[in-house]
């Protein structure tokens, strides 16, 4: 299964916020949309970074900084440091990358265009569905319901 297959199933909606927004506003966006990662955009609508729940905790909440006055651009992961995948990448390679880099979300690109975000939860859900289908098929085969 490829990244594009997951995005076709889950949807390609991308949530973003401007880099001059406050961390508090970003927390509201994350909470209201039940997501764990925001794409951060410049005033020119270009991607300038990403902001995860983990970024907020490690760079704002834990050091006891004020999320109401702190700007997203102060704690985001900058564009140069974003780990990304291609629509054609398979689940195993994305899972390996996410595990190696210790990240839970990965932006997906089609050439130079951002086309979605996949979370580790999306990958696990799809792997479980594949395994359930394989188990069902094997049970049907063993019980004689499936032609040899």
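The values are calculated or read from the model by the stated rules, or taken from the named source; none is laboratory data. All values reported here derive from a predicted model rather than from experimental measurement. Glycine gets a Cβ as well: all are built from the backbone with ideal geometry, and neighbour counts include every protein chain shown.
Based on what the data block shows, is residue 37 closer than 14 Å to residue 16 by Cβ, in contact (Cβ under 8 Å) with a residue 60 or more places away in the chain and under 15 Å from the mean Cα position of the chain (by Cα)? Yes. Within the range 115-126, the residues that satisfy the criterion of being in a helix (DSSP H, G or I) and either in contact with a strand residue (DSSP E or B) (Cβ under 7 Å, 6 or more places away or on another chain) or within 13 Å of residue 36 (Cβ to Cβ) (or both) are 120, 121, 122.
Only residues that are closer than 20 Å to residue 6 by Cα, without any contact (Cβ under 8 Å) to a residue 12 or more places away in the chain and either outside any strand (DSSP E or B) or touching a strand residue (DSSP E or B) at 6+ places or on another chain (Cβ under 6 Å) (or both) were counted across the range 74-114, and they come to 6. From the residues in the range 61-73 that are touching a residue at least 24 places away in the same chain (Cβ under 8 Å) and in a helix (DSSP H, G or I), which one is surrounded by the fewest Cβ atoms within 10 Å (Cβ to Cβ)? Taking the candidates together, the pick is 73. Among the residues that make up the range 26-39, is at least one of them more than 21 Å from residue 103 (Cα to Cα) and modelled with pLDDT of 95 or more? There is at least one residue in the range 26-39 that is more than 21 Å from residue 103 (Cα to Cα) and modelled with pLDDT of 95 or more. Residues that are within 15 Å of the chain's Cα centre (by Cα) and part of a helix (DSSP H, G or I) are absent from the range 127-141.
Report the residue count in the range 1-15 for those that are buried (at least 17 other Cβ atoms within 10 Å of the Cβ) and out of contact with any helix residue (DSSP H, G or I) (no Cβ under 7 Å at 6 or more places or on another chain).
Number of matching residues: 3.
Being assigned to a helix (DSSP H, G or I), touching a residue at least 40 places away in the same chain (Cβ under 8 Å) and under 14 Å from the mean Cα position of the chain (by Cα) is the requirement here; does residue 30 meet it? Talk me through it step by step, then tell me what you get.
Details: assigned to a helix (DSSP H, G or I): yes; touching a residue at least 40 places away in the same chain (Cβ under 8 Å): no; under 14 Å from the mean Cα position of the chain (by Cα): yes.
For residue 30, the condition - assigned to a helix (DSSP H, G or I), touching a residue at least 40 places away in the same chain (Cβ under 8 Å) and under 14 Å from the mean Cα position of the chain (by Cα) - is not met.
Within the range 33-60, the set of residues being in a helix (DSSP H, G or I) and in contact with a strand residue (DSSP E or B) (Cβ under 7 Å, 6 or more places away or on another chain) comprises just one member, 55. Of all residues in the range 85-108, those satisfying the criterion of being within 18 Å of residue 51 (Cβ to Cβ) and surrounded by 17 or more Cβ atoms within 10 Å (Cβ to Cβ) are 98, 103, 105, 106, 107, 108. Scanning the range 40-60 for residues that are in contact (Cβ under 8 Å) with a residue 12 or more places away in the chain and more than 19 Å from the chain's Cα centre (by Cα) returns 42, 43, 59, 60.
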